[in-house]
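*Asks:* Encoded as structure tokens, here's the structure I'll be asking about.
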Amino acid sequence: MDAARTMTVVRSSATASARTTPRFEDEVTKLIDVSKCIGCKACQAACTEWNDTVQPIGYFTGSYQNPPDLTANMFTLMRFNEWVNPKSGELEWLIRKDGCMHCADPGCLAACPAPGAIVQYANGIVDFVHENCIGCGYCVKGCPFDIPRYSAAPAKAYKCTLCSDRVAVGDGPACAKACPTEAIVFGTKGEMLHHAAGRITDLKSRGFESAGLYNPDGVNGTHVMYVLPHADQPELYSNLPSDPHVSPWVRVWKGAAKTYVSLAAMAALIVGAVVHHAAGGANRVSEKDEQAAKKLIEGKE
Amino acid sequence: MAADQAGITFVKRHALDVRITHWIVALCFILLALSGLAFFFPPFFFLTALFGGGETARILHPWIGLVLALGYLYLFLRFVGACLWHSDDSRWISRLGQVMSGHDENLPEVGKFNAGQKLYFWAMALLILVLLASGVITWNEYFAHATSIPAQRIAVLAHSIAAALAILGFIVHIHMVTWEPGTLRAMVNGTVSGGWGWKHHRKWLREVVSAGRAKPGTNAPPAE
Ligand code: HEM
Ligand code: SF4
């Protein structure tokens, strides 16, 4: 990954101390304003175009959502949900651009066993470095948003890079560039929070009282954020989790307690075995034992 | 009595099929522990070099696991009869101090396997079952869609804990073999000295003798 060589890495999978050389880099954010999205999928097309991925042609399943799920070739997906608002009785077409959220506390990175296969840059982007990926699929288990997808050939995991290769040279992600309504905007985190606040004020003034920002605390915030007209019910948007966090099972699995207790027990047993041998000596068979056995076998006991 | 070296009588203990399977299982276990620990603890990731890199280690590990599970199933069927628990076993294990200080004479006479060996046999059977089930669920290349992601999270945790326990058992197993000289040849030549049988497995030796399978001057057939 070129991006890994041009941007500062602050965290790296299966690596104790990532580089933390101080270099001034703003955190970046991609803000997706769901209320402005018209579901045209220009972003989806731009994503496959830039990343040079080819999603095989599938079948129509009664929804604009196509393909039906994220794949190793489709890093972003427009998810469509038809919902009747019980308050107004009106049908609302809720469209959400799904993809990697670039969590500040990434579960995939915590789960990955391969040194340097997943990195987090100082600007907040979480990136997969495929030459270091061993294809175990642990990242799939670690992610609280069900984002990484495993490809059969090559057997490696893929997801949105936030166009780290474009950001590294000062450009924005391809999806944001392609969006005709500016529903996707990209900039520093500060700029995006400011922009979102303006959008939310506007939505509230137009009757969307529960409009708000989706930037969940459970993963220490994300570098992809949504402006949601119904921010009190994120699940309406094709099951966007209201309180995402790295699963406690993953925390225990990857936790220091499990790792160090098991390694300490192994070390203690090995030391114990050596001490047992050295202190008491081996439990040898004596000449008397051999004679007794001989008598038994010869039937003279 | 298969051979007579300097007045020592050797008694057949393990048949050839058991010995071959035992060493296949042992080799698989070591390879699994080395590759598994590389995924378990990042400072051990360099161990994947033994397998040709992280990717090949990741590919090989589950296949070696399947060989181990099949091998252990074979050993299980061959040994299960001799590993059933008896009241003497409880008395034996309750005098662990005597065991560890090498005072076999203060312990109940032992049959083919002592209580420690039986516990190791049953613990490994259980752990390998857990490792097999959780390992298959974790096997992303083929079984990613067979179970839900929450189930896979539990499986991978169970797998790593079961692996740690199995490695602890394995360390004790190796230690007991080296601490009781004369034991290793039971799995290499297939025989043990009569004195070894008298000291550690007297009940078994009596059975072998009374069954007429250890007559002086004859080649002892496999005593199972
Ligand atoms: C019985 C059949 C077994 C199967 C099918 C199996 C399968 C797996 C799989 C699929 C993984 C994930 C990495 C990969 O994809 O290669 C794994 C990890 C691992 N395996 Fe196994 N395995 C088996 C037996 C064992 C045994 C006997 C041991 C211990 C000696 C062991 C120790 C480990 C460890 C320590 C890990 C890493 C767990 C972690 O990341 O925390 N496995 N195994
Ligand atoms: S599959 Fe995911 S967890 Fe496994 S090595 Fe690759 S990036 Fe890391």
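*Asks:* So the check is Cβ under 7 Å with 6+ separation or different chains; which pairs have a first residue in region A:230-253 that's small (Gly, Ala, Ser) and modelled with pLDDT of 95 or more and a second one that's in a helix (DSSP H, G or I) and surrounded by 15 or more Cβ atoms within 10 Å (Cβ to Cβ)?
*Replies:* As it stands, the answer is A:242/A:234; A:247/B:153, since those pairs meet every condition given.
*Asks:* Can you name the residue in region B:130-156 that is at the interface with another protein chain (Cβ under 8 Å from one of its Cβ atoms) and open to solvent by 40 Å² or more (accessible area, probe 1.4 Å) and, of all such residues, is nearest to ligand 2 (Cβ to nearest atom)?
*Replies:* The qualifying residue nearest to ligand 2 (Cβ to nearest atom) is B:141.
*Asks:* Find the residue count for region A:253-264, including only residues that are exposed (fewer than 15 other Cβ atoms within 10 Å of the Cβ) and of a type in the set (A, V, I, L, M, F, W, C).
*Replies:* First pass over region A:253-264, keeping only residues exposed (fewer than 15 other Cβ atoms within 10 Å of the Cβ): A:255-257, A:260-261, A:264.
From what is left, the residues that are of a type in the set (A, V, I, L, M, F, W, C) are A:256-257, A:261, A:264.
Number of matching residues: 4.
*Asks:* State all residues of region A:130-154 that are open to solvent by less than 40 Å² (accessible area, probe 1.4 Å) and modelled with pLDDT under 95; if no residue qualifies, say none.
*Replies:* A:151 - this is the single residue of region A:130-154 that is open to solvent by less than 40 Å² (accessible area, probe 1.4 Å) and modelled with pLDDT under 95.
*Asks:* Right, next: For region A:56-164, please list each of the strands (runs of 3 or more DSSP E) lying entirely inside it that holds at least 2 residues being away from ligand 2 (no atom under 11 Å from the Cβ).
*Replies:* A:77-84, A:91-98, A:118-121
*Asks:* Only one of A:257, A:265 is at pLDDT 90 or above, at the interface with chain B (Cβ under 7 Å from one of its Cβ atoms) and outside any loop (DSSP other than H, G, I, E, B); which?
*Replies:* Numbers: A:257 fails: at the interface with chain B (Cβ under 7 Å from one of its Cβ atoms).
So the residue among A:257, A:265 that is at pLDDT 90 or above, at the interface with chain B (Cβ under 7 Å from one of its Cβ atoms) and outside any loop (DSSP other than H, G, I, E, B) is A:265.
*Asks:* Being of a type in the set (Gly, Ala, Ser), in contact with a helix residue (DSSP H, G or I) (Cβ under 9 Å, 6 or more places away or on another chain) and away from ligand 1 (no atom under 12 Å from the Cβ) is the filter here, so list the residues in region A:141-156 that pass it. I'd like the intermediate steps shown before the answer.
*Replies:* Keep residues of region A:141-156 that are of a type in the set (Gly, Ala, Ser), which gives A:142, A:151-153, A:155.
Still in the list and also in contact with a helix residue (DSSP H, G or I) (Cβ under 9 Å, 6 or more places away or on another chain): A:142, A:152, A:155.
A:152, the sole residue that qualifies.
*Asks:* Without any contact (Cβ under 8 Å) to a residue 12 or more places away in the chain, out of contact with any Asp or Glu (no Cβ under 7 Å at 6 or more places or on another chain) and of a type in the set (D, E, K, R): which single residue out of B:105, B:109 fits that description? Before you say what the answer is, go through the steps one by one.
*Replies:* Values: B:109 fails: without any contact (Cβ under 8 Å) to a residue 12 or more places away in the chain.
None of the others qualify; the one that does is B:105.
*Asks:* Kindly indicate whether any position in region B:157-167 is at the interface with chain A (Cβ under 7 Å from one of its Cβ atoms), within 16 Å of ligand 2 (Cβ to nearest atom), under 20 Å from residue B:40 (Cα atoms) and not in a strand (DSSP E or B).
*Replies:* The answer is yes, given that some residue of region B:157-167 is at the interface with chain A (Cβ under 7 Å from one of its Cβ atoms), within 16 Å of ligand 2 (Cβ to nearest atom), under 20 Å from residue B:40 (Cα atoms) and not in a strand (DSSP E or B).
*Asks:* Let me ask something else about it. From the list A:30, A:36, A:41, which residue is open to solvent by less than 40 Å² (accessible area, probe 1.4 Å), charged (D, E, K, R) and at pLDDT 90 or above? Reasoning before the result, please.
*Replies:* Working: A:36 fails: open to solvent by less than 40 Å² (accessible area, probe 1.4 Å); A:41 fails: open to solvent by less than 40 Å² (accessible area, probe 1.4 Å).
The match here is A:30.
*Asks:* Cβ contacts < 6 Å: first residue under 17 Å from residue B:24 (Cα atoms), restricted to region B:175-199; second residue open to solvent by 10 Å² or more (accessible area, probe 1.4 Å) and of a type in the set (A, V, I, L, M), any location; separation 6+ or different chain. Result?
*Replies:* Close Cβ pairs satisfying both conditions: B:184/B:177.
*Asks:* Among residues belonging to region B:48-65 that are exposed (fewer than 15 other Cβ atoms within 10 Å of the Cβ) and of a type in the set (A, V, I, L, M, F, W, C), point out the one that is farthest from residue B:114 (Cα to Cα).
*Replies:* Out of the qualifying residues, it is B:49.
*Asks:* Which ones in region A:112-140 are more than 9 Å from the chain's Cα centre (by Cα) and within 15 Å of ligand 1 (Cβ to nearest atom)?
*Replies:* Of everything in region A:112-140, those that are more than 9 Å from the chain's Cα centre (by Cα) and within 15 Å of ligand 1 (Cβ to nearest atom) turn out to be A:112, A:113, A:114, A:115, A:117, A:118, A:133, A:134, A:135, A:136, A:137, A:138.
*Asks:* Right, another one. Residues in region B:112-129: is at least one open to solvent by less than 40 Å² (accessible area, probe 1.4 Å) and within 15 Å of residue A:249 (Cβ to Cβ)?
*Replies:* The answer is no; no qualifying residue exists.
*Asks:* Scan (1) over 22 Å from residue A:266 (Cβ atoms); (2) open to solvent by less than 40 Å² (accessible area, probe 1.4 Å); (3) small (Gly, Ala, Ser) for the single condition residue B:163 breaks and write down its number.
*Replies:* (1)
The values are calculated or read from the model by the stated rules, or taken from the named source; none is laboratory data. These numbers come from a predicted model, not from an experiment. All Cβ positions, glycine included, derive from the backbone under ideal geometry; neighbour counts span all protein chains shown. Keep in mind that these areas ignore ligands, DNA and RNA; they rest on the heavy atoms of the full protein, side chains included. Shrake-Rupley method; radii C 1.70, N 1.55, O 1.52, S 1.80 Å.
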